[in-house]
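A.B. asks: Sharing a structure below in C-alpha cells format, with a few things to ask.
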Amino acid sequence: MLTWQMWVRADSAAECRLISWGAVVNERDVLLNELAQGLRPTSEGIEWFDGLGQEKQSEVLRFLCHHCVQARAVAEDASKSIRRSGLRPTHTPAVLISRGRIDMQLGKIAGLTPVDERRKAFKLLIAVLAVADGRRRERFCSGGCVHWWHHLSAAG
C-alpha cells in the first residue's frame, strides 16, 4: 500500500502544496477536488466562492470547466449533476448543460455573469466534476493510480 504525504510550501503568494511524489498543486485545485469528492461540505465551498471577487470567481469557474473536461464529462452526466447540485432544472446553468455539446455548454456556464447565476454555476460545475471524475475513478483508477486528487482522503 502506498503512503501519501503532503507538505505546505512556505510561499503563501503561490498558494501551492508540494506533494511527496513531485507534483506542485494549487490550493484552489485541492479545495475544488475535496468539494467534488465530498471531503468538504458544499456550504464551505459556497462560502469560499462567495468571498471571492468577481474576477477570481470567473477564474474559478473557468478552472472548474477545465477540470470537468479533463475528467471526461459527457452529456449523460447532465441530469445526474443537476440532481446532485440541488438546482432546479429550470435554473440557467441546468438548462444550459442539458442542451448541446457538453464541452461547449460547460464554457457557457463558466461564463455566466450575474452573481446569483455564478453561485448556481459553481454548484453545478462541482457536481459535474464529482460525477465525471467518479466515473473515471471507477473505470480507470480502481486498482490504483498516480492522480494526486484521487489520494486526498488518504493524504489529508
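None of the figures in this text is laboratory data; all of them are computed from the coordinates on show. Because the structure is predicted, anything quoted here is derived from the model rather than measured. Positions of Cβ are generated from backbone atoms using ideal geometry, with glycine treated the same way; all protein chains shown enter the neighbour counts.
A.B. asks: In nanometres, what is the gap between the two model label sites at GLU138 and THR42, each 7 Å from Cα along Cα-to-Cβ?
C.D. replies: My value for the distance between the label points is 1.9 nm.
A.B. asks: A follow-up question, please. Which order do peptides 114-121, 62-69 fall in by mean Cβ count within 10 Å, highest first?
C.D. replies: Descending mean neighbour count gives 62-69, 114-121.
A.B. asks: Between MET104 and SER79, what length in nm is gained on full extension when 0.36 nm per residue of separation is reduced by their alpha carbon distance? Walk me through the intermediate numbers first.
C.D. replies: Values: separation 25, 0.36 × 25 = 9.00 nm, distance 1.65 nm.
Contour length minus Cα-Cα distance gives 7.3 nm.
A.B. asks: Convex hull over the Cα atoms of region 48-142, averaged projected area in nm²? Please report the intermediate quantities before stating the final value.
C.D. replies: Details: hull surface 22.8 nm².
Projected area, direction-averaged: 5.7 nm².
A.B. asks: Take peptides 132-139, 47-54 and line them up by average Cβ neighbours within 10 Å, highest first, as a rough protection proxy.
C.D. replies: Numbers: 132-139: 16.4, 47-54: 12.8.
Packing proxy ranking, top to bottom: 132-139, 47-54.
A.B. asks: Hey, could you get me the Stokes-Einstein D for region 37-88, Kirkwood radius over alpha-carbon pairs, 37 °C and 0.692 mPa s, rounded to whole µm² s⁻¹? Mind showing how you got there, number by number?
C.D. replies: On the way: Rh = 12.6 Å.
The calculation lands on 262 µm²/s.
A.B. asks: Return the distance in nm (one decimal) between the two label points of a simple spin-label model at ASP116 and GLN70, each offset 7 Å from Cα along Cα→Cβ.
C.D. replies: Here the answer is 3.3 nm between the modelled labels.
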